[in-house]
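Data first, discussion second: the structure below is written as structure tokens.
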Amino acid sequence: MKQSPLHTVLCERLGIEYPVVAFTHCKDVAAAVINAGGFAVLGEAMHTPEQIAADIRWLRQRIGGKTFGIDLVLPAAVPEQRSLEELLAQIPAEHRAFERSIKAKYDVPDPKRPPDLYQWGGLDQSRGLKQLEVVFDERVPVFASGLGSPAFLLERAHQLQMQVWGLIGKPRQAKRQIEAGTDVLIAQGYDAAGHTGTIGTFSIVPQVVDLCAPRGIPVLAAGGVTTGRHLAAALALGAAGVWTGTLWLASRESDVNQPLKERLIEASCTDTWHSDCLSGFTMRTLVSPWHREWTSEGAPAVLQPPLQSLLSAEYIQASLDHQRKDLMTEAAGQGVDYVTAMKPARQVLSDLVDEALDTLERLGGGTQ
Ligand SMILES: Cc1cc2nc3c(=O)[nH]c(=O)nc-3n(C[C@H](O)[C@H](O)[C@H](O)COP(=O)(O)O)c2cc1C
């Protein structure tokens, strides 16, 4: 029987049907994508070690022995160890005053609970490492790291038969991770949601494919993938699959709140800004009053990570707690124009696959 042109080395290695990886913070989305023949990596950077262990158990119970991944952030640019109070105390008075002026100007209420960001593994290195211990204890099949190099944990992960995947945005980072022995590289372009560099997806992917080819390391294309045409193009660039985030945010199972889903559906690519005003790292997110104020004349310089994240945390939490659609922001990529309906995740996947197959047929051939 003729094999599907979508059956790549990634499908072989993971035992999956489609070379589509969903990055998601939502367990229900992860379970739906895995059970529909794709692969999912659950973002757990905002959770305590106890919550991460519980989420892994939850997911395992619903996917019947299939593989999955967990993603954490391990930035080297943050202090080794600091309490939340110590970090909050480092925010300069000028920046607090500017934050207060934004809250007053846009009538931003107080959040109803402490910001989720207070648990972020990226606040200091010790938090990320404690989260990582759970991933090792649970022998998670795939570990991915979005911020920071996973090189230091490779040996231990491989001893436990875990795969380690690394997200990179520059050829220099790719070379380092190839040398270190990373199992899969995710070449993420400027189009992508979240923390990203400045090289476009079409430029970074083939370069990383060429760098990885001699060692047979599969590459996933990330950044702006929201249609089947993107998936077909990624395979044409030599990728073994795609790594997607924005695509799933407005899906029916997604726990993103309703006004934010509506904003994502309404948004176009120019509504996503590449800015460091939320976290101190450059990041693509839906534009909000917070962005406009931090890029206005007279705004203070953005703080170093993780202080800028702590400064924006109350604004973000308040927008969610009070359902203030006008204030909300979220990581979102330039492919957001194609997020046009709240479909079940299974359907999002099957639409992507169908369009990719049609595209490849239209072009008159298969891929690898
Ligand atoms: C809401 C959201 C949160 C994200 N948070 C993380 C994260 O915690 N860790 C990470 O490695 N990547 C994170 N990302 C980036 C994704 O892993 C992925 O690289 C990106 O979404 C790909 O671009 P796309 O959104 O255009 O598909 C996030 C993306 C989104 C949409």
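None of the figures in this text is laboratory data; all of them are computed from the coordinates on show. If you're wondering where the values come from, they're calculated on a predicted model, not measured in any experiment. Note that we place each Cβ from the backbone using ideal geometry, even for glycine, and neighbour counts take in every protein chain shown.
From the phi of every residue in segment 63-73, what ³J(HN,Hα) in whole Hz does the Karplus formula 6.51 cos²θ - 1.76 cosθ + 1.60 yield, where θ is phi - 60° and glycine or proline is x?
Once rounded to whole Hz, the list reads 10, x, x, 6, 8, 7, x, 10, 10, 10, 10.
Looking only at segment 218-368, where both bridge partners belong to it, what percent of the DSSP beta bridges are antiparallel (to the nearest 5)?
Of all bridge pairs located within segment 218-368, approximately 60 percent are antiparallel.
Anything over 22 Å Cα to Cα? Flag those among LYS105/LYS325; LYS66/LYS175; LYS27/LYS343; LYS27/LYS66, in the order listed.
Beyond 22 Å between Cα atoms: LYS66/LYS175.
Rounding to the nearest 10 and keeping the result within 0 to 90°, find how far the Cα-based axis of helix 93-105 lies from the longest principal axis of the chain.
Between the helix axis and the principal axis of the chain, the angle is about 80 degrees.
Looking at the chain only, what percent of DSSP beta bridges run antiparallel? Nearest 5 please.
20
For segment 1-122, take every pair of Cα atoms, bin their distances at 10 Å starting from 0, and report each bin as a whole percent.
11, 28, 25, 19, 12, 4, 1
What FRET efficiency comes out for LEU84 versus ARG156 if R0 is 22 angstrom and r is the Cβ-Cβ distance? Round to the nearest 0.05.
0.20
Residue by residue through segment 75-82, what is 3J(HN,Hα) from phi via Karplus (6.51 cos²θ - 1.76 cosθ + 1.60, θ = phi - 60°)? Round to whole Hz and write x for glycine and proline.
Taking θ as phi minus 60°, the curve returns x, 7, 7, 10, x, 5, 8, 8 Hz for segment 75-82.
Once segment 77-151 is represented by equal point scatterers at the alpha-carbon sites, with solvent omitted, what log10 I(q)/I(0) does the Debye formula produce at q = 0.16, 0.18, 0.28 Å⁻¹?
Debye intensities relative to I(0), on a log10 scale: -0.78, -0.90, -1.34.
With the crude spin-label approximation of a point 7 Å out along Cα→Cβ, what separation in nm comes out for ASN257 versus HIS7?
Spacing of the two 7 Å Cα→Cβ label points: 4.6 nm.
For SER296 and GLU133, FRET efficiency with R0 = 45 Å and r from the beta-carbon atoms, rounded to 0.05?
0.60
Between ALA93, ALA77, ALA341, which gets the highest mean-square fluctuation from a Gaussian network model of the chain, Cα cutoff 10 Å?
Judging by the Gaussian network model, the answer is ALA93.
Give me the distance between the Cα centres of segment 216-242 and segment 287-318, rounded to whole Å.
Their Cα centres are 33 Å away from one another.
Report relative contact order for the chain in percent, whole number only (criteria: Cα-Cα under 8 Å, sequence separation at least 6).
20
Principal axes first, then extents: for the Cα atoms of segment 127-257, list largest minus smallest coordinate on each axis, whole Å, largest first.
So the three principal-axis extents are 43, 38, 23 Å.
Picking from PHE281, PHE98, PHE23, which is most flexible by a Gaussian network model of the chain using Cα springs under 10 Å?
Checking each option, the largest mean-square fluctuation is seen for PHE98.
What FRET efficiency, computed as 1/(1 + (r/R0)^6) with R0 = 25 Å and r the Cβ-Cβ distance, is obtained for HIS274 and ALA104, rounded to the nearest 0.05?
E(calc), rounded to 0.05, equals 0.35.
Would you list which lysines come within 20 Å of LYS130, measuring only between C-alpha atoms, while excluding same-chain residues fewer than 8 positions from it?
Once the sequence-local lysines are set aside, nothing remains near LYS130.
Where does the chain land at 222 nm, in deg cm²/dmol rounded to the nearest 500, when only DSSP H runs of n ≥ 4 count, each adding -39500 (n - 2.57), divided by all residues?
When only DSSP H runs of four or more count, the value is -12000 deg cm²/dmol.
How large is the convex hull of the C-alpha atoms of segment 9-363 per residue, in Å³?
Cα convex hull per residue, to the nearest whole number: 128 Å³.
For a quick check: sort ASP337, ASP55 by the number of other beta carbons within 10 angstrom, fewest at the front.
Listed from fewest to most nearby Cβ atoms, that is ASP337, ASP55.
By how many nm would the segment from LYS325 to GLN61 lengthen if fully extended, with 0.36 nm per residue of separation less the alpha-carbon distance?
My answer for the length gained is 91.6 nm.
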